[in-house]
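Below you'll find the structure, written out as structure tokens, and then a few comments.
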């Protein structure tokens, strides 16, 4: 299967999943109340996050035009390459030969006239790519980092944490040992070691981030499961003859979901920022804002200073992280078990 | 005659029309609404009511310790003649622990877990008196003996978690007595304790009051404890005082339908096996308090004005007041 | 107490073995010596050269089990080297790793100790300050600033700091190093400032949460009821009770005092262990990387045992059994 | 008397439930908290036995052991002729249906993320009561009516109800599987007086309608006197006195029972100002005193008490663990 088809399918599946989750949450007054409260407290941050998700979504839907099915694409040309909705906002031949300042008509150093004079809103980079275009595409990379890693972390942490907390005994001892071993390695060093061993690439980096990231949530889930195990309503379910597996499914997991959501929100910005650091170390993901910042960094010493590259990528990054942090804060306030039930 | 009496009584706590509000469901609601109380020197006033009726908030308002975002909206509070609401912060600090002390429901959590019991009492002494550490410690030891802590000297160095619940509450009381306050506010002081320990603490409070002549504002939900300790009783319901008067009158001949219902629903009073009398319905949350008499939606004798007009105080006797339209009507009919 | 420490040491040692096993899996089984050799000398290197590289670095032994001599396998060698602090030689340039560690520890400590102390001082004080004014505008503004500060990537602090202070204002050198103590402060000032700036948002917010949670407790109400003022409540009652989360937070940072800060050191040209790690990444020096992870874990495990013992000092309720 | 003839529905004999104390470098068991240490009691069918005692005396542990939420280390739990203490897993399952529980804190006893209907139907599902969901919903409505709640509320969540209403839901949930015995562990202690009266009345009505037996665990003597037929007084893991409520309240045989009764605040205006009847604090159940467990606090202690552990002496229709009740004379 061609990559863009796969990506389209994944996007569609995610969209359906998201819609289903939202619909289900709407039926549960606790979640509905939490959602309403979230939108009331942080309307701007929530909209900003939604905007980024929309941009990333649009950038994930791509198709090839201009050639019949089965026809061989000519390599090296734009023809035959899949272009996303975001790509289509820009002309296909929008690339220049080198740097140009925002809205410039000529190249910065070569003084050659540009193909699209005055059209590059945020200028172009070293190889002449439009900075605005790259910045928009970075949103997708950031969301993939956060999303794919979470897709590894959350199920793994839930599975391990719940089973350790519920079963206890030897299984718990074993899980606890694995977790404390992983947690005793400094995060950044472990991350580097993992990527060095696994190799670079989106999947590998996300896998490495996942391996370093799951322990925290798993610990939380384990501790919470321990607590829930002793709660009156679980005891009541047991006295009512409910089977252990059913108790876990009906009573334990639903009462952990708020923790998962809080952790996801808090984890997300950390993951994106980690990738920025990895990019700087040369083991990041292609097309990320981290890469753009890394590439732009050395240009600051040039004369005249090339600042638009750095500014665009870091602003896009900053706004996303700020919005996600604010949403995460609000999510925690709204869903924290100590305050949640009284607040609703 | 009542005026003469009032003049004769020296008031250590005087609360007039106190209202304290909290934001609940998006609006500020008065959980304490125009409450008036007075405690004379040496007497015990019990403020009794079910959970959420505002009795603890009343006490915290008097100490100016209402937790944020709560707010004392109006009213005057005088402790030993000092106006608590307008006192500068530093002055207020001198009032707390000196003119008035407070003990709480949970002695475990109310004591600082990482400080020794002795150090906490010493702090209380040295905050208000210029004495050396050694002297304060000696005084703390004496206080420990006074509140009946065996082996007092050794217990000064114990941490709260090393003591039993009853001993912890004795430490709290010792701390409260550090400056010989004229008034002690006791917020459910025995609720967390077992019944045999509760009896010990009640006995201690009684003997301390007798020896030191201090006044007690006792906050409780337990009518039995009211009977054991109080001279006067104020019954609170949904943020308002419902009935107030001497213990014998309020417990022996209650006039407010709520007080009557409360006393009749006690399992200890009914004959075994007999059905208890119920107050129908539930205590509504502050957002759903009725606009007239707060009790009107559960009251068996509510009539026309009850759900729209708030009742005023009706004097049943010189010392016994009831906030009830029905009582006012009956009294009005009998003495035209 | 002694029994507890012993048990923690035994468990700590087991964790160290776990770390070593994990590293062995990662760097010998998952990424085999052949992969490592290819990365070091190039994908298209002839097989003979790869064989040669593997032999030169001592990776030509059997992986796990040597039927002729059970003590002579990569697994045994890996454990032996790490546990005896021998560490072997760098994959990149054959310098003994121990010598590198000895050289790098000084500069790393020189950067990280002041950074750590400043950070702690700033964040605990600010956290206490903001918590004192909880539920007021000062608090809300403080939290907003913290969230703002922690949303900026550390790279931007570094780039911005270098640009503004170094180039525009010209107060301190942008980067560089000098071993003589008199000049060292000039080189350290900027990285320390940048380090504090980059971390204070998260730290202050953390401490604020700890303190605010603590101020809601009953004993604080008791302290106020006996006449304590705000400052006394915060310093004498809240702070000592918050020592456990503070200790936890502080001790977690201790391993990094030695392993250094990867970003700050390489940006500011400080020849510490952080820079060494960056060199190892760029030079595909797996031997050095393994040692760095091991040292980091070892220090972390020791620090954790120390924290548990310190808990007993901070909180009399904690009994180590 | 019928209960003398028919065997009790539940009889507990010599029940011991200990909790380990671990310490040392290997976390070995170095001691035991003797929460229940040789407990005998019997609950007649359709009647109420109150188990009364102060916190930490082990009364909740007895209840939890009967429900098999704790594993007793010794003793027998006879229920309808079967020893539940020896059953586990599938064999225990059918008995779960016949013994239910109601707990102190109705807020904690209900899953905050479960609607009332699902919470009440949970047990029916586990025991296959009701042919389908619709039938179960119908039954839930009926149960809600029985506990005097509006069946229209079954789609609600626990946090939308008041404390008293939640306790009614817990009762409905227990009734859903048609139990014969309900263990009420401090079931009315957390409720305000006016609500407590409603719930006590409801429990009494249900007992009449369904011939339920209650094991009523509480610390509140006024409640015991009101609701129970027989009462067992527990101190430090042992039943110190047992008997019909009227006799125990009128003529307590054990000094501890006397102390408890005297310590309870009374509404009698004349009873004011008595000295506290029981001195000191209860000892730790991990290290109970030798001999009679109450001797460290007993006002009537004499030389035999610290030396020997008193057995249960017959006192009328009940028992007492005090040498003063020894038919051969207190001192021997």
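The values are calculated or read from the model by the stated rules, or taken from the named source; none is laboratory data. Note that the structure is predicted; figures quoted are calculated from it, not measured. All Cβ positions, even for glycine, are placed from backbone atoms using ideal geometry, and neighbour counts span all protein chains on display.
One table, with the values for the structure above:
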item	result
The one condition in (1) touching a residue at least 60 places away in the same chain (Cβ under 8 Å); (2) away from chain A (no Cβ under 11 Å); (3) surrounded by 18 or more Cβ atoms within 10 Å (Cβ to Cβ) that residue C:290 fails to fulfil	(2)
Candidate set: region D:244-279, residues that are closer than 19 Å to residue D:293 by Cβ and not in a helix (DSSP H, G or I); chosen: the one nearest to the other protein chains (Cβ to nearest Cβ)	D:278
Qualifying residue in region A:183-190 (condition: surrounded by fewer than 21 Cβ atoms within 10 Å (Cβ to Cβ) and over 23 Å from the mean Cα position of the chain (by Cα))	no
Some residue of region C:226-240 being within 14 Å of chain B (Cβ to nearest Cβ), in contact with a strand residue (DSSP E or B) (Cβ under 6 Å, 6 or more places away or on another chain) and either in a helix (DSSP H, G or I) or without any contact (Cβ under 8 Å) to a residue 40 or more places away in the chain (or both)	yes
Residue check, residue B:248 surrounded by fewer than 18 Cβ atoms within 10 Å (Cβ to Cβ), touching a helix residue (DSSP H, G or I) at 6+ places or on another chain (Cβ under 7 Å), at the interface with chain D (Cβ under 8 Å from one of its Cβ atoms) and within 13 Å of residue D:197 (Cβ to Cβ)	no
Residue ID - surrounded by the fewest Cβ atoms within 10 Å (Cβ to Cβ), chosen from residues in region D:95-114 that are more than 8 Å from chain A (Cβ to nearest Cβ) and modelled with pLDDT of 90 or more	D:98
Within region D:185-197, considering residues that are within 14 Å of chain B (Cβ to nearest Cβ) and in contact (Cβ under 8 Å) with a residue 40 or more places away in the chain, the one surrounded by the most Cβ atoms within 10 Å (Cβ to Cβ)	D:187
Matching entry among C:307, C:259, C:248 (being buried (at least 24 other Cβ atoms within 10 Å of the Cβ), modelled with pLDDT under 90 and away from chain B (no Cβ under 14 Å))	C:259
Criterion: assigned by TED's automatic domain parsing to the domain that holds residue C:275 and surrounded by fewer than 16 Cβ atoms within 10 Å (Cβ to Cβ) - qualifying residue of C:200, C:211, C:187, C:148	C:148
Any chance residue D:125 is over 20 Å from the mean Cα position of the chain (by Cα), more than 9 Å from chain A (Cβ to nearest Cβ) and at pLDDT 90 or above	no
Residues of region C:90-99 satisfying the condition of being surrounded by fewer than 20 Cβ atoms within 10 Å (Cβ to Cβ) and over 22 Å from the mean Cα position of the chain (by Cα)	C:92, C:93, C:94, C:95, C:96
Scope region A:108-120; condition surrounded by 14 or more Cβ atoms within 10 Å (Cβ to Cβ) and closer than 19 Å to residue A:92 by Cα; matching residues	A:114, A:115, A:116, A:119, A:120
Enumeration of residues in region A:287-310 that are in contact (Cβ under 8 Å) with a residue 24 or more places away in the chain and either more than 10 Å from chain C (Cβ to nearest Cβ) or touching a strand residue (DSSP E or B) at 6+ places or on another chain (Cβ under 7 Å) (or both)	A:287, A:288, A:292, A:295, A:299, A:304, A:306, A:308, A:309
Some residue of region A:195-205 being crowded, with 21+ Cβ neighbours inside 10 Å and modelled with pLDDT under 90	yes
Filter result (outside any helix (DSSP H, G or I) and on the phi < 0 side of the Ramachandran plot) within region C:274-321	C:283, C:285, C:315, C:316, C:317, C:318, C:319, C:320, C:321
Residue check for residue B:308: surrounded by fewer than 15 Cβ atoms within 10 Å (Cβ to Cβ) and under 29 Å from residue B:60 (Cβ atoms)	no
Qualifying residues in region D:144-157 (those that are within 14 Å of chain A (Cβ to nearest Cβ) and either at pLDDT 95 or above or not in a helix (DSSP H, G or I) (or both)) - the one nearest to the chain's Cα centre (by Cα)	D:157
Unique residue being without any contact (Cβ under 8 Å) to a residue 40 or more places away in the chain and within 14 Å of chain D (Cβ to nearest Cβ) when the list is B:281, B:268, B:292	B:281
Qualifying helices (runs of 4 or more DSSP H) (wholly inside region C:1-87; at least 3 residues being more than 14 Å from chain A (Cβ to nearest Cβ))	C:2-24, C:47-56, C:74-83
Output for region C:268-285, where each listed residue is more than 9 Å from every other protein chain (Cβ to nearest Cβ) and within 30 Å of residue C:43 (Cβ to Cβ)	C:273, C:274, C:275, C:276, C:279, C:283, C:285
Yes/no for residue C:160 being out of contact with any strand residue (DSSP E or B) (no Cβ under 9 Å at 6 or more places or on another chain), assigned by TED's automatic domain parsing to the domain that holds residue C:187 and surrounded by 19 or more Cβ atoms within 10 Å (Cβ to Cβ)	no
Enumerated helices (runs of 4 or more DSSP H) restricted to region B:137-244, each holding at least 3 residues that are in contact with a helix residue (DSSP H, G or I) (Cβ under 9 Å, 6 or more places away or on another chain), more than 9 Å from chain D (Cβ to nearest Cβ) and crowded, with 20+ Cβ neighbours inside 10 Å	B:165-177
Residue selected from region D:23-43 under the condition in a strand (DSSP E or B) and within 14 Å of chain C (Cβ to nearest Cβ), by the criterion modelled with the highest pLDDT	D:31
Residues located in region B:280-298, provided they are under 23 Å from residue B:330 (Cβ atoms) and modelled with pLDDT of 90 or more	B:290, B:292, B:293, B:294, B:295, B:296, B:297, B:298
Candidates A:312, A:328, A:296, A:323, filtered to the one that is closer than 22 Å to residue A:157 by Cα and not assigned by TED's automatic domain parsing to the domain that holds residue A:101	A:328
The lone exception for residue D:90 - which of (1) more than 29 Å from residue A:33 (Cβ to Cβ); (2) assigned to a helix (DSSP H, G or I); (3) in contact with a helix residue (DSSP H, G or I) (Cβ under 9 Å, 6 or more places away or on another chain) it fails	(3)
Which numbered condition residue D:86 fails, given (1) surrounded by 18 or more Cβ atoms within 10 Å (Cβ to Cβ); (2) more than 13 Å from chain A (Cβ to nearest Cβ); (3) farther than 22 Å from residue D:216 by Cα	(1)
